[in-house]
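Some notes on the structure that comes next.
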Amino acid sequence: MVPASIYALIIPFLAAPAFAEAPFSFDGAPGRLPKDVVPQDYDIALVPDIAAHTVRGTEAITLNVRSATSTLTFNSLNQRLEHVLFDGRPVPKVESDNKVQLTKVTLPKLAAPGLHRLAFSYNGKIESQPFGLYTQSFKRPDGATDVLVSTKFEATDARRMFPCWDEPAFRATFRVSITVPAAWATIGNMPIAKRTVNGALVTTHFKRTPKMPTYLVELTAGNFAEISASVDKTGLSIWAVRGQEQDGATALANARQILADYNDYFGYPFPLPKLDSIATPGGFTGAMENWGAITYNDQILLITPSSTIRNRQNVYSVQAHEMAHQWNGDLVTMGWWDDLWLNESFASWRAAKETDLRHPDWLWWEVEDARKEGAMDADARQASHAIQQHVTNELEARRAFDPQITYAKGEAVLRMLEAYVGPDKFRDGIRSYMKAHAFSNATTTDLWLALDAASGRAVSEVAADWTAQAGYPLVIATAKCDASGNRSVTLAQKRFLLEGEDPGHSHWRVPMRVRAGMAAVPEPTLLAEDDQRVAAGRCDQALSLNPDAIGFYRVAYDDKTLETDRLAFPSLPSGDRIALLDDQWALVQAGRQKIDRYLELAAAMGTDLNDRAWSQIIEALGRIENYERGTSGHNAFNAYARSILKPVAAVLGWDPHPNETAPLLHLRRQVIRQLGEWGETDIVAEARRRFDGYLANPASLDPDDQVVVLSIVATNADQPMFEKLHGIIRSAHNETELDRYLHALMRVRDPILAQQALDIALSNEIPPQADGIRLQLIYDAAEQNPALTWAAFRDHVEQVMAAYPQYRPLYLAQNIPEYLWNAVPLDDLEAWLKVRIPPEMASNLSRGMQAARFKLRKKTEIASAADAYLASRTHGTSR
Ligand SMILES: [Zn+2]
């Protein structure tokens, strides 16, 4: 990062103290590689030996030498370079160091400024984990074992396949060829230029790419087939293992819709001739936005009759995310990993907006509220970090892929800013940002400049408060009534923390809106000063200071206003109710609100049928029930929690009516499932009856109902029932089913059976392409049997984490403490984790441990507060 003093001259109005940075310039971009030599074009030929896990490569790079130099420094990892020629002449010295992932070439003589050519051949490695160039073995639909090769480079693994300038500002063009078995399909960023069959092998040459960063280069080869369509001039294909390509039909229809929408929104038509989406079986667990050739784990791209509604929703939203990256990330790339949010927050926000636009009945922003709450939870800890975070060198870049802050908080902050600026002006700003930086890089400042210009306001001043500092405000609202019943509200703010006080006295300009009563359009107001006063309707009207739950802040109302809202609760707009539930529960956890107030709001839901509001309540009641385990208050709380949900279950019944929306179907299933897991007798009996019907005739339960019935049966299972569930797992027809059955099995409560379930999760009953599921099964099992789960995880950590070579340190540091907080003394857990993560992840570990210790402390406090509340109800002392 370039010192802040320089920026003060360039953008004097940008008031962000912590992270002011300049507009993008190649020379100003951070990084380890010298900027005096810049690659222009790569010509790479690869001949993999899949059985031997090696690759033979030849590479020629056109270089622009900007100032005379006698050395070249670039990235490499696990390669041995041979026959290294500079402008056709052998070089005297080549030193490759895997530890720092660099190769230094000493030139025969000083190279003058201008174009030069570096050529070499090399021997490299094919990985067996999903990074660099890797192989993945898998079971084909016909049961035979097969293998494919593919690539996954972000953030810094292009260098595992070919020596290169592996930093995002070093954009270049690429011509790639690969030689593989002749029966295989080959897919790259660009269309095929030429295929030459030579006996049993085929060499495929792809056309030259536009200028792009190394981390977006892609190659996949294997026994694949495709289905295709087109939008405008762009060819669209979905690729899958041969025989499964028709399962890509939904994804193809989605891609057509999304591409047309994005061409319009970004004001810059997709610039490549084609866009492939490749469903690779297993190993690789996510999706990656390689330009023109997006790779997906097949479970998040293909839809089969075994898929649930949630599977379909995930396919749509993940496609919308990866396709948004074709602009935010690929066409315009962050200059350095500090600004990863320009890729990830934007793709997440754009995907949610697109999903909501095209599936209004999914109420997608309400679904996303759960993600926002996850982010707000993480961001309410002292150890949280800003959306823009400093990355010293690219080996630290993986730290930046924090799902809660870089993805979810960034998404929510962008939504709030869009509402503040107005959607049209916000879009105009993004259009001019795309146009100005196409085929190049950008910094956050470039984005702010574009938004300021498009909106005619200093958006940057508000926005930087949210991206450059950690945390978010608690807005404290105190209402006053005048003699004629008109209300005004005084607003103050402080950083919301679950524990402790803000050491830094943070301050935000908060783009708020005020809804008094049932007003359809809330009044915007920017909270900038302390003790700012706003008019807020009449005193007897409900008041929402975060209408539709759009703001990334919390609100603490005075008692009287909260009581007015509680009385009006059933008639509030859904988003306002969701915001109240979210905030009141967070305030309870922070020790700023009595649990009574939250539980009274939950009870005020009655039989309202909003899915997200109930998810929030189920999660909170579930947390309290978990804290109550092993205490004398458990039975009473369990009965109370069931009494809150039972009226909703009674209204909904087990069987849907025709044409119910996805949220309503989801609500029914989540309420029934939770009651069953809490042991509600009638529900458990009905689940068992339906389970017997399913055993006799599997078609009697649709995939979504299987999730419910199998989970309830598993939670309450005895040994014979467990055997039946295990039998279903063995008969799974595909990975989608296997995944569903295994997740259900891990709910089992009985410790002897839980050990058997963990043994299955670690066995080779899970085929190689489903490796990644093991970690999720560990998370599931931890809920019912933490100590057993910890022992299984500890003893098999290498196997469980194998599918996550890149995210392993992040998951160990942040997720494991959150899931295993009550499994093992936390000092022991911390010591165990500390030696398994690299030193640069220390702050991530401290975040994870802070979350775990918080839960442990809250267990006693919240359980006894809930006990006291229930006792006060019994004795009639409640309000
Ligand atoms: Zn992404």
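For the range 210-260, what does the alpha-carbon gyration tensor say about shape, rounded, prolate or oblate, given a ≥ b ≥ c as the root eigenvalues, a/c under 1.5 as rounded, and a/b over b/c as prolate? It is oblate, given that a/c is not under 1.5 and a/b is not larger than b/c.
Only the Cβ atoms of Lys and Arg (+1) and of Asp and Glu (-1) were treated as charged; on that basis the dipole of the chain about its Cα centre amounts to roughly 1220 debye.
What is the distance in Å between the Cα centres of the range 537-562 and the range 260-321? Their Cα centres are 39 Å away from one another. Note on the range 43-117: the C-alpha convex hull projects to 5.4 nm² when averaged across all orientations. Enter the Cα centre distance for the pair the range 147-203 and the range 801-823, rounded to the nearest angstrom. Cα centroid of the range 147-203 versus Cα centroid of the range 801-823: 31 Å apart. Within the range 544-611, the ratio Rg/Rh, alpha carbon atoms throughout and Rh by Kirkwood, equals 0.92.
3J(HN,Hα) couplings calculated from phi for the range 61-68 with the Karplus curve 6.51 cos²θ - 1.76 cosθ + 1.60 (θ = phi - 60°) are, in sequence order, 10, 7, 10, 9, 7, 8, 9, 3 Hz; Gly and Pro show x.
If you take all other residues with their beta carbon under 9 Å from the beta carbon of GLU394, and give Lys and Arg +1 and Asp and Glu -1, the sum is -2. Quick check: the angle from helix 719-730's long axis to the longest principal axis of the chain, C-alpha only, nearest 10 degrees? Helix 719-730 and the main axis of the chain meet at about 30 degrees. Helix 786-795 and the longest principal axis of the Cα set of the chain meet at an angle near 10°. Computed from point charges on the beta carbon alone (+1 for Lys and Arg, -1 for Asp and Glu), the dipole magnitude for the range 171-283 about its Cα centre is near 600 Debye. In plain terms, the chain from SER137 to LYS834 could stretch by 247.7 nm, reckoned as 0.36 nm per residue minus the Cα-Cα distance.
Taking the chain as a whole, the Cys residues whose C-beta sits 4.7 Å or farther from every other Cys C-beta are CYS164. Here is the tail figure for the range 746-859: Cα pairs spaced more than 24 Å apart come to 23 percent of all pairs. Simple spin-label estimate for ALA453 and THR62 gives 3.0 nm between the two label positions (7 Å along the Cα-to-Cβ direction from each Cα). Between LEU357 and LYS109, the FRET efficiency from the beta-carbon distance, with R0 = 56 Å, is close to 0.40. Between ALA225 and LYS93, the C-beta separation translates, for a Förster distance of 45 Å, into a calculated FRET efficiency of about 0.40.
A P(r) calculated from all alpha carbon pairs of the chain, with 10 Å bins opening at zero, reads 2, 12, 21, 25, 21, 12, 5, 2, 0, 0 percent. Simple point charges give the picture: +1 on the Cβ of Lys and Arg, -1 on the Cβ of Asp and Glu, and for the range 355-441 a dipole about the Cα centre of about 360 debye.
Loop-located GluC sites (Glu not before Pro) in the range 491-553 (DSSP state other than H, G, I, E, B) with a sparse environment of at most 13 neighbouring Cβ atoms within 10 Å: GLU501, GLU529. Translational diffusion of the range 484-630, estimated by Stokes-Einstein from the Kirkwood radius over alpha carbon pairs at 37 °C in a medium of 0.692 mPa s, is 203 µm² per second. Here LYS109 is the anchor, and the lysines within straight C-alpha reach of less than 20 Å, apart from those fewer than 8 places off in the same chain, are LYS35, LYS93. Taking a straight Cα-Cα cut-off under 26 Å and skipping sequence neighbours fewer than 8 places away in the same chain, the lysines within cross-link reach of LYS480 are LYS494, LYS560, LYS594. Against the chain, whose longest principal axis comes from its Cα atoms, helix 309-325 is set at around 50 degrees. Across the options ILE550, LEU833, LEU856, the greatest Cα extent toward the positive end of the charge dipole of the chain (unit charges at beta carbon of Lys, Arg, Asp, Glu) belongs to LEU833. Here's the picture: a label point sits 7 Å out from the Cα of GLU861 along the beta-carbon direction, and within the range 485-513 the residues with their amide nitrogen under 13 Å of it are 497-501.
The residue among CYS481, TYR627, ASN638 whose Cα reaches farthest toward the positive pole of the charge dipole of the chain, with charges on the beta-carbon of Lys, Arg, Asp and Glu, is TYR627.
Give the Kirkwood hydrodynamic radius (Å, one decimal) of the range 87-209, defined as one over the mean of 1/r across all pairs of different Cα atoms.
That comes to 17.3 Å for the range 87-209.
Using C-alpha pairs under 8 Å with a sequence gap of at least 6, the mean separation divided by the residue count of the chain gives a relative contact order of 9 percent. The calculated FRET efficiency for ASP531 paired with THR681, based on their beta-carbon distance and R0 = 35 Å, is about 0.05. Per the Debye formula on identical point scatterers at the alpha carbon atoms of the range 444-568, with no solvent, log10 I(q)/I(0) at q = 0.09, 0.16 Å⁻¹ is -0.29, -0.84.
Computed over Cα pairs, the Kirkwood radius of the range 665-799 leads via Stokes-Einstein (1.002 mPa s, 20 °C) to a diffusion coefficient of 143 µm² per second. Quotient of the Cα radius of gyration of the range 288-354 and 2.2 N^0.38 Å, N being its number of residues: 1.19. For the pair ASP718 and THR490, the difference between a 0.36 nm per residue extended length and the Cα-Cα distance amounts to 76.3 nm. Considering only ILE729, PRO703, GLN719, and ranking their Cα positions along the charge dipole of the range 695-736 that arises from unit charges at the beta-carbon of Lys, Arg, Asp and Glu, the one farthest toward the positive end is GLN719.
Readers should treat all values here as calculations from the given coordinates under stated rules, not as data from a laboratory. As the structure is a prediction and not an experimental result, all values here were calculated from the model. Positions of Cβ are generated from backbone atoms using ideal geometry, with glycine treated the same way; all protein chains shown enter the neighbour counts.
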